[in-house]
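Q: Mind having a look at this structure? Questions to follow.
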Amino acid sequence: MHFGEMPSGSLYLWLSFCPTRTWNNPGETLVSHPFTLTVRADVPPEQYRLITGFYRRDTWERLTAPNGDDLQLVTTVTVIH
C-alpha cells in the first residue's frame with residue numbers, strides 16, 4: 001500500500017548528479033535534507049514499513065541486492081489517530 005509520496009522528484013533530480021557508481025564511501029551521507037511524508041486521514045492506524053529500492057535509469061528495471069532482495073527497509077512508521 002502506498003499512502004504517501006515524496007516531493008515532486010527532488011531526490012531523483014539530486015541523485016541524477018550523483019550516480020550510484022560514485023558511491024564508494026560507506027560513511028558518506030547522500031541525502032541530508034528532511035522531507036515530509038503525508039499520510040491520508042483514511043489510512044488505518046497500525047505500523048507500516050518505509051522501504052526504498054533502486055532502478056536502472058534507462059529501463060526502470062528494479063535492481064536486486066546480492067542476497068536477492070529488491071528493497072531495503074529504512075524504518076517503520078506508526079500511524080495513530
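The values are calculated or read from the model by the stated rules, or taken from the named source; none is laboratory data. Values in this document were obtained by computation on a predicted structure and should not be read as measured data. Glycine gets a Cβ as well: all are built from the backbone with ideal geometry, and neighbour counts include every protein chain shown.
Q: Evaluate region 13-24: report whether one residue or more is in contact with a helix residue (DSSP H, G or I) (Cβ under 7 Å, 6 or more places away or on another chain), surrounded by 10 or more Cβ atoms within 10 Å (Cβ to Cβ) and either under 22 Å from residue 77 (Cβ atoms) or modelled with pLDDT of 65 or more (or both).
A: Looking through region 13-24, none of the residues is in contact with a helix residue (DSSP H, G or I) (Cβ under 7 Å, 6 or more places away or on another chain), surrounded by 10 or more Cβ atoms within 10 Å (Cβ to Cβ) and either under 22 Å from residue 77 (Cβ atoms) or modelled with pLDDT of 65 or more (or both).
Q: Sticking with this structure for a sec: So which residues in region 25-39 are within 30 Å of residue 81 (Cα to Cα), modelled with pLDDT of 65 or more and not β-branched (Val, Ile, Thr), if there are any at all?
A: 33, 34, 35, 37, listed by residue number.
Q: Specify the residue that is surrounded by the most Cβ atoms within 10 Å (Cβ to Cβ); the eligible residues are those in region 69-81 that are part of a loop (DSSP other than H, G, I, E, B) and more than 15 Å from the chain's Cα centre (by Cα).
A: Checked region 69-81; the qualifying residue surrounded by the most Cβ atoms within 10 Å (Cβ to Cβ) is 79.
Q: Which residue pairs have Cβ atoms under 6 Å apart, sit 6 or more places apart or on different chains, and have a first residue in region 63-81 that is within 23 Å of residue 43 (Cα to Cα) and a second that is among the hydroxyl-bearing types (Ser, Thr, Tyr)?
A: Within 6 Å, the pairs are 72/52; 74/52; 77/48.
Q: Considering only residues of region 40-68 that are closer than 20 Å to residue 80 by Cβ and under 15 Å from the mean Cα position of the chain (by Cα), which is surrounded by the most Cβ atoms within 10 Å (Cβ to Cβ)?
A: Applying the filter and picking the extreme gives 48.
Q: Does residue 5 fit the bill of being more than 12 Å from the chain's Cα centre (by Cα) and either closer than 20 Å to residue 70 by Cα or at pLDDT 55 or above (or both)?
A: It is false that residue 5 is more than 12 Å from the chain's Cα centre (by Cα) and either closer than 20 Å to residue 70 by Cα or at pLDDT 55 or above (or both).
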